[in-house]
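Bear in mind these aren't lab numbers, they're just calculated from the coordinates by the rules spelled out. Only a predicted model underlies this, so the values are computations on that prediction, with no experimental measurement involved. Backbone-built Cβ (ideal geometry, glycine too); neighbour counts: all protein chains shown.
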Amino acid sequence: MAATIQTVGVIGAGQMGGGIAHVCALSGFDVVLNDLSGDRLKASLATINGNMAKQVAKKIITEDERKAALGRIKAAEKYEGLADCDLVIESAVEKEDIKRRIFSDVCAVLKPEAIVATNTSSISITRLASSTDRPERFIGIHFMNPVPLMELVEVIRGIATDDATFESSKTFVRKLGRTIAVSEDFPAFIVNRILLPMINEAIYTLYEGVGNVEAIDTAMKLGAHHPMGPLELADFIGLDTCLSVMQVLHEGLADSKYRPCPLLVKYVEAGWLGRKTQRGFYDYRGEKPVPTR
């Protein structure tokens, strides 16, 4: 039987985790936002508050809805705070060993019927499920960035995911007002399997000197009507995340067309990860972004 989801736990108070907490609280769910860092939790709650205030200003939500939603979010620095959750969504860094450790630790405090989900953008759901005590109640629920604005959620079953978990998860996503794309459990699923090789190809185009940063981004914005150029988008996603997804594709599908561009590797090694570090394919330290190549 499909479980009723009322309280949602979110592990990881970064950009994605905060966004997931934001949309869940606005949709009437009680939310427990968990992070090991108290400072990150405080910053995330402030960001959620600010983003909801922008929605009030644009008349997307009312001031009363904003206050009610903020009142539904609790912060927790320990996994024990997630004990009463019906669904827990992990949204930590895109590294398999860290995610596996989170799952084995958190399952110890969850009630037996709780559903465990991951917001991974590329890693095998079946493999992550094997690090839990409940592979049949484990699923991929992959939100797009930025969560409050993006209408799509990918839902991915692992080999062991049971029908009740799949149905409960789809009902939950619909309650958030999001559209579902069901993906098979293949590396990077649907969106990133198509999007990240395009970004990687744009970086090869830069690496080989076919065009500079500005020419490549302008070409795709005006020539293909993309809202952001691929290099600008890479900076927004985070070049470390782009590299992680390309590595998962390259290793998982063993096809040379997914080889990460050496220039992408070089930027990540330099710590130039895009907007979050103020430098990537653009330098964000001045008044407006300036291309770095």
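Among A75, A202, A224, the largest mean-square fluctuation in a Gaussian network model of the chain (Cα springs under 10 Å) belongs to A224. Output the 0 to 90 degree angle, nearest 10, between the alpha-carbon long axis of helix 38-57 and the longest principal axis computed from the alpha carbons of the chain. For helix 38-57, the angle is close to 80 degrees. Compute a Gaussian network model of the chain, connecting alpha carbons closer than 10 Å, and tell me which residue from V56, V213, V31 fluctuates the most. In the Gaussian network model the winner is V56. Within the straight-line cut-off of under 19 Å between alpha carbons, the aspartates and glutamates reachable from K99 are D35, E77, E80, E90, D133, E136, E154, D185, D240, E251, sequence neighbours fewer than 8 places apart in one chain being disregarded.
Computed packing ranks the peptides 175-181, 283-289 as 175-181, 283-289, most packed first, by mean other Cβ atoms within 10 Å. Contact order, relative form, for segment 196-269: 34 percent (alpha carbon pairs under 8 Å, 6 or more residues apart, mean separation divided by residue count). Based on Cα contacts under 8 Å between residues 6+ apart, the chain shows a relative contact order of 14 percent.
For the chain, the longest principal axis of the alpha carbon atoms and the long axis of helix 163-175 meet at an angle near 70°. Only bridges with both residues in the chain count here: give the DSSP antiparallel percent, nearest 5. Around 25 percent antiparallel, to the nearest 5.
Checking the Cα-Cα distances for K54/K288; K58/K266; K42/K266; K221/K257; K175/K221 against a 29 Å cut-off, the pairs over it are K58/K266; K42/K266; K175/K221. Exposure proxy ranking for K170, K111, K95, based on other Cβ atoms within 10 angstrom of each Cβ and starting from the fewest, stands as K111, K95, K170.
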